[in-house]
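**Student:** Right, I'll just put the structure down here and ask away after.
The values are calculated or read from the model by the stated rules, or taken from the named source; none is laboratory data. Keep in mind that what you see is a predicted model, and the values were worked out from it rather than measured. Please note: Cβ atoms are built from the backbone with ideal geometry, for glycine as well, and neighbour counts cover all protein chains shown. When the accessible area is computed, the model is the full protein with side chains, heavy atoms only, and any ligands, DNA or RNA have been set aside. Shrake-Rupley method; radii C 1.70, N 1.55, O 1.52, S 1.80 Å.
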Amino acid sequence: MLKRGVHVDMYKFFGNPSIKIYALSGKYQRENLNTIAEGLLGVGKLDLSDNISALNYFELAHYCWLDANLVLQFTEYEDKLLMRLMALLMRISRMSMEEVTRFYISSWIQSLFRQEHRSKGLLIPRRVDIDTMKQPDAQTEAMIGGKAFKGAIVIEPVAGVHFNATVLDFASLYPTIMKEHNISYETIDCSHDECRTANDNKVPETDHWICKKRKGMISQTIGFFRDTRVNWFKPKAKDPSLPEETRNWYSVVEKALKVFINASYGVTGAQHFELFCMPAAESVTAFGRNAIVETKKKSEEMGIRVLYGDTDSVFLDNPSLEQQDELVKWSSEVLGIDLEVEKTYKYVALSDRKKNYIGIYKDGNVEVKGLSGKKRNTPDYAQKAFRDMLEVLSRVDDPEGFEAAKEEIREIVN
């Protein structure tokens, strides 16, 4: 038992999807000491000469000491980056280090919002209080079984091979909507008559309205984190005038804030969360659908064909740089949402199924989404054929080359 000090559960911390995927950019795939050490430190555990139960005391002690030393090296990784990250998460979530390392993002956000209520002198509502004050039933019908309200929209893919396709992405779409439209459990469908009868605060596809007299607590909090990330930490992470260690730290902070920002809607839009409010949750997705629909309409008015769209991104058929800049400016001014050029493919091959495509970048790198050839439960011989096919596709530069590649692919498949 520790009389002094704090128990830091590194195993639970590394197993947290928010840390693994966002903060550490997926540098390890499995949550075990050897894999994490190889991913972060470039070294692995000691290779044993025999079964661990048969080792002599010296080798066993050496093995255990090296394991403990690896954990110590994690705390010193990149100028104590992980320890500083824990301290940052503690400050944001208002939790102890032991709680931050042992609990997941939903607990962090719950603790944050509870403290925001206390600091503003507000009562923390119970879920039953919110359901009593607001309409607990959805006004929109879910398109996916098991969901309580209508979610994101998908623009049907234009099946085929499309050269010079550019993907534009709405930056932090749902958190930005919550900030820009002042969506929080206490601001949606408020009791003010002037808000109820106003014309410029209505939610698309619904009868909901948004308060014009007060700022929502959740909206303000998410908005602060979003603006801090976008306006300070993200530019600093890319500033070449700063030392590399400093840029690395800013990069991790930016990713940590992204975790909070993106998870904030996911948590508050989950029915088990203590501050869940049905009108607020479905209002966010309604504004999201409206953003995609309006962007498609604007693109077509500009003469750009939309090849595909899903939740927060649109695939455009060979737009010029001027057209991309015009769309980005339009989105900022009209929708109040930052639209960013995320990537440009040499070509993208879309199937007629959603979330299933292959994108080839100009440098030959290949991105695969959803296709069964890459899935773990696909037999090895089929995975090998799929990899061989991707290697052929990565060499294609034009439509004529794609026709020639078809013959090679047919031979691989046969």
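**Student:** When N counts the residues of region 88-148, how does its alpha-carbon radius of gyration compare numerically with 2.2 N^0.38 Å, as a ratio?
**Tutor:** Region 88-148 yields a ratio of 1.51.
**Student:** Let me ask something else. Between the alpha-carbon centers of region 71-104 and region 180-256, tell me the distance in whole angstrom.
**Tutor:** A separation of 25 Å, based on Cα centres.
**Student:** When all C-alpha to C-alpha distances in region 228-340 are sorted into bins of 5 Å, what percent of pairs does each bin hold, rounded to whole numbers?
**Tutor:** Spelled out per bin, shortest first, that is 2, 10, 15, 15, 15, 16, 15, 8, 4, 0.
**Student:** Shifting gears a bit: Could you tell me the ratio Rg/Rh of region 191-294? Both radii from Cα atoms, Rh via Kirkwood.
**Tutor:** Using only Cα positions, Rg/Rh for region 191-294 is 1.10.
**Student:** Quick one: accessible area per residue over region 365-414, 1.4 Å probe, rounded to a whole number of Å²?
**Tutor:** In whole numbers, region 365-414 has 72 Å² accessible per residue.
**Student:** What does DSSP give for the chain in terms of the percent of beta bridges that are antiparallel, rounded to the nearest 5?
**Tutor:** 100
**Student:** Any idea what Rg and Dmax come out to for region 119-186 if you just take the C-alpha atoms, in Å?
**Tutor:** For region 119-186, the Cα radius of gyration and maximum Cα-Cα distance read 18.6, 58 Å.
**Student:** With N residues in region 246-304, what two-decimal value do you get for its Cα radius of gyration over 2.2 N^0.38 Å?
**Tutor:** Against the empirical 2.2 N^0.38 Å value, I get 1.62 for region 246-304.
**Student:** Now a separate question. Counting C-alpha atoms alone, how compact is the chain: give Rg to one decimal and Dmax as a whole number, in angstrom.
**Tutor:** 25.0, 81
**Student:** So what does log10 I(q)/I(0) come out to for region 317-376 at q = 0.23, 0.26, 0.27 Å⁻¹, using the Debye formula with one equal point on every Cα and no solvent?
**Tutor:** At q = 0.23, 0.26, 0.27 Å⁻¹ the computed log10 ratios are -0.96, -1.03, -1.05.
**Student:** Note down the Stokes-Einstein diffusion coefficient of region 285-414 in µm²/s, whole number, using a Kirkwood radius over alpha carbon pairs, 10 °C, and 1.306 mPa s.
**Tutor:** It comes out at roughly 95 µm²/s.
**Student:** Here's a follow-up. Can you tell me how much longer the chain between LEU41 and GLN323 gets when fully stretched, taken as 0.36 nm per residue apart minus their C-alpha distance, in nm with one decimal?
**Tutor:** Going from the current span to full extension adds 97.1 nm.
**Student:** Okay, moving on. Checking the cross-link filter: which aspartates and glutamates have an alpha carbon closer than 14 Å to that of LYS238, excluding same-chain neighbours under 8 positions apart?
**Tutor:** Filter leaves GLU254.
**Student:** With the other protein chains left in place, how much accessible area per residue, in square angstrom, belongs to region 1-75 at a 1.4 angstrom probe?
**Tutor:** 66
**Student:** How about the chain: what cysteines have no other cysteine beta carbon under 4.7 Å from their own?
**Tutor:** Lone cysteines by the Cβ rule: CYS64, CYS195, CYS277.
**Student:** If you don't mind, another one. Given contacts defined as C-alpha pairs under 8 Å and at least six residues apart, what's the relative contact order of the chain, whole-number percent?
**Tutor:** 18
**Student:** Here is a further query. Once the mean 1/r over all distinct Cα pairs of region 171-227 is inverted, what Kirkwood radius in angstroms do you read off?
**Tutor:** 11.5
**Student:** Please compute the alpha carbon radius of gyration of region 289-346, then divide it by the globular-protein estimate 2.2 N^0.38 Å. Two decimals is fine.
**Tutor:** Relative to the rule-of-thumb radius for its length, region 289-346 sits at 1.01.
**Student:** Label VAL154 and ALA61 with points 7 Å out from Cα along Cα→Cβ: what is the distance between them in nm?
**Tutor:** 6.0
**Student:** Would you work out the Kirkwood radius for region 339-414? I mean one over the mean of 1/r across all pairs of different Cα atoms, in Å.
**Tutor:** Result for region 339-414 stands at 13.3 Å.
**Student:** Can you give the Kirkwood hydrodynamic radius for region 1-103, in Å, rounded to one decimal and based on Cα pairs?
**Tutor:** When all Cα pairs of region 1-103 are included, the Kirkwood radius is 15.1 Å.
**Student:** Find the eigenvalues of the gyration tensor of the Cα atoms of region 148-242, then list the square roots of 5 times those eigenvalues as equivalent ellipsoid semi-axes, largest first, in whole angstrom.
**Tutor:** Sorted largest first and rounded, they come to 32, 24, 10 Å.
**Student:** If you stretched the chain out fully between VAL366 and ASP9, how much longer would it get, using 0.36 nm times the residue separation minus the C-alpha to C-alpha distance?
**Tutor:** Using 0.36 nm per residue and subtracting the Cα-Cα distance, I get 124.8 nm.
**Student:** I want to check the label-to-label distance for LYS375 and GLU78. Put each point 7 Å from Cα in the C-beta direction and report it in nm to one decimal.
**Tutor:** With each label placed 7 Å out from Cα toward Cβ, I get 3.3 nm.
**Student:** Using the heavy atoms of the protein chains alone and a 1.4 angstrom probe, what is the accessible area of region 98-240 per residue in square angstrom?
**Tutor:** Ligands and nucleic acids excluded, the figure is 52 Å² per residue.
**Student:** Using a 1.4 angstrom probe on heavy atoms only, work out the carbon and sulfur share of the accessible area of the chain in %.
**Tutor:** Ligands and nucleic acids excluded, carbon and sulfur give 50 percent.
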